[in-house]
Amino acid sequence: MGNFIYMVLVVAAILAPLIVLHEFGHFIVAKLFGIRVDVFSIGFGKRLFGIKKGDTDYRVSLLPLGGYVKMAGENMDEQITGAPDEFMSKPKWKRFCVAIAGPVMNVLVAVVFLAVVLMFHNEVPAHWARPAVVRGVEPDSPAEKAGIQPGDLIVKINGKEQPIWRDLELQVLLYPDQDLPVTVQRGSSTRDLTLHVGSRMDGDDKIGFSGLIPGDWRIVVNEVTPETPAATAGLEQGDQIVAVNGNRVEQSHYGWSEVVQAIQASKGSKVTLRVDRNGKILDLVGEPKMMDGAYRLGFTQEVAGFEMTTSPLSPLTAIKQSVDENLRILSLTKTALGQVLTGHRSMRETVSGPIGIAKMSKQAAEQGFWNAARFSSMISLNLGIFNLLPIPVLDGGLIFMLLLEAVLGVFGLPLTLRIKEKMMQVGFVMLLLLTAFVCFSDISKSVSSGRAPQQQQQTQDQKPPEVP
């Protein structure tokens, strides 16, 4: 119960301000065009307190999960008098501007939030900005099967010329279980290869993996707690973990997550760690014990050789990079949705609802202020794009009806109030069905993940948490 309340508070802290800013976009443009705004509310439900200035009641309401703006003559079920300050009395282009102002505000917030993060805390993996020179290839991985070798320079992947490591990793993550054309430079020659991307689950999400290693990375034991199963088994600081129970461990952040999951899944039965100690291969056997609510051996691990770089950007550079980053997210979102439509990716693996957002919000908050700010930027962008969907009860639905009304007007055909009401009813049903689907998807993913040990994986973490 306490964890649920904490998640609700985190969601309110992250999502509510974004919704209020969205509504502020509608509000400020409505005021600019002389539309009477009856209510600007922070929160929903019962009015707690506020102040009335002019025609507008600025209030704080009981449920702090967003906010809303009530404009005169906005709703079809209210009495429309035809007064010049009513929403429906304004020209279509002004109503269009009011409708689109909310999503535009969310996009601007996404750019500003991320720019602020980049100005003060631009921390990213050091290899992201480097040319995609392969330093290592995991045995039996998709990359090895494709014929990629250590020392190869990847000069093209899926149409992207001269990719840096970040470009390459994004392409791989986005195309699980699909073929990607790859061109590598080996010595003085180039070769065209086909990389059949593998797939793995990252929490509730299905992502791609290749087995390509950008640097000299090794999963090593950082610290062994005395008088624990790890100490009894003979595990020592500096040991490189190469396999668990005979299964080779990828030498990356995914690898240390695999170690965690294997130990937790043992339920107390013996676990064999194969380690490399100064070139000598040893098999160490330990029996995990219940510690702090989970099965653990009692050691911490890290990815040796993995580096982060922190280089705060100037305001102009930060804004430019923020715009580029948000455009990249939009492009990836478009690609993912396109894969849903073509059947290459399921909707369940692509869309998250309230529960999924709550879990991601909680994780972002636990990683600190700057990660929460970066996450808020991404959520704001998605909130703006979602509201542009042509569903009548959303901003995009109003925009669609205004455009449809304008097109019909060219041919002298009216868009009657009855037709608008029917469209609103259909839109409401569509939104209910979409909400029900994403909630069901969230619940089913939570149940599925609850059957197996959960381990958060963050590409940018330098040091993993203690291994159970």
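A few remarks follow.
- Out of L21, L48, L65, sole residue that is outside any strand (DSSP E or B) and over 20 Å from G397 (Cβ atoms): L21
- Pair list, Cβ < 8 Å and 6+ apart or interchain, from segment 318-341 residues that are more than 26 Å from V116 (Cα to Cα) to residues that are open to solvent by less than 60 Å² (accessible area, probe 1.4 Å) and among the β-branched types (V, I, T): A336/T350; L337/T350; Q339/T350; V340/T350
- Segment 310-341, subset modelled with pLDDT of 85 or more and among the polar types (S, T, N, Q), residue nearest to the chain's Cα centre (by Cα): N326
- Every residue from segment 85-95 that is out of contact with any Asp or Glu (no Cβ under 9 Å at 6 or more places or on another chain) and crowded, with 17+ Cβ neighbours inside 10 Å: S89, K90, K94, R95
- Scanning segment 367-384 for residues that are farther than 16 Å from H121 by Cβ and either open to solvent by 70 Å² or more (accessible area, probe 1.4 Å) or touching a Phe, Trp or Tyr at 6+ places or on another chain (Cβ under 9 Å) (or both) turns up just one, S380.
- Qualifying residues in segment 408-422 (those that are out of contact with any Leu (no Cβ under 9 Å at 6 or more places or on another chain) and part of a helix (DSSP H, G or I)) - the one surrounded by the most Cβ atoms within 10 Å (Cβ to Cβ): K420
- Top-ranked residue of segment 203-232 - restricted to ones that are among the acidic types (D, E) and closer than 30 Å to Q178 by Cβ, ranked as surrounded by the fewest Cβ atoms within 10 Å (Cβ to Cβ): D216
- Positions within segment 63-80 being under 30 Å from V10 (Cβ atoms), of a type in the set (A, V, I, L, M, F, W, C) and at pLDDT 90 or above, in sequence order: V69
- Pick from segment 233-290, criterion part of a strand (DSSP E or B) and among the small types (G, A, S), ranking: surrounded by the most Cβ atoms within 10 Å (Cβ to Cβ): G286
- Test: residue in segment 107-115 that is touching a residue at least 40 places away in the same chain (Cβ under 8 Å), open to solvent by less than 50 Å² (accessible area, probe 1.4 Å) and over 30 Å from L15 (Cα atoms): no
- Strands (runs of 3 or more DSSP E) within segment 126-202 that include 1 or more residues in contact (Cβ under 8 Å) with a residue 40 or more places away in the chain, surrounded by 21 or more Cβ atoms within 10 Å (Cβ to Cβ) and within 26 Å of the chain's Cα centre (by Cα): 189-196
- Among the residues of segment 104-126, none is identified as closer than 18 Å to G208 by Cβ and modelled with pLDDT of 90 or more.
- Residue among I35, I42 that is β-branched (V, I, T), closer than 26 Å to Q425 by Cα and touching a Ser or Thr at 6+ places or on another chain (Cβ under 9 Å): I35
- Residue in segment 342-355 that is open to solvent by less than 20 Å² (accessible area, probe 1.4 Å), in a helix (DSSP H, G or I) and either modelled with pLDDT of 80 or more or in contact with a strand residue (DSSP E or B) (Cβ under 7 Å, 6 or more places away or on another chain) (or both) present: no
- In segment 165-209, the qualifying residues are those that are under 17 Å from R130 (Cα atoms) and touching a helix residue (DSSP H, G or I) at 6+ places or on another chain (Cβ under 6 Å), and the one that is modelled with the lowest pLDDT is R166.
The values are calculated or read from the model by the stated rules, or taken from the named source; none is laboratory data. Being a predicted model, the structure only gives us computed values, none of them experimental. Cβ: placed from backbone, ideal geometry, glycine included. Neighbour counts: every protein chain shown. Note: accessible area is taken over every heavy atom of the protein model, side chains too, but ligands, DNA and RNA are not part of it. Shrake-Rupley method; radii C 1.70, N 1.55, O 1.52, S 1.80 Å.
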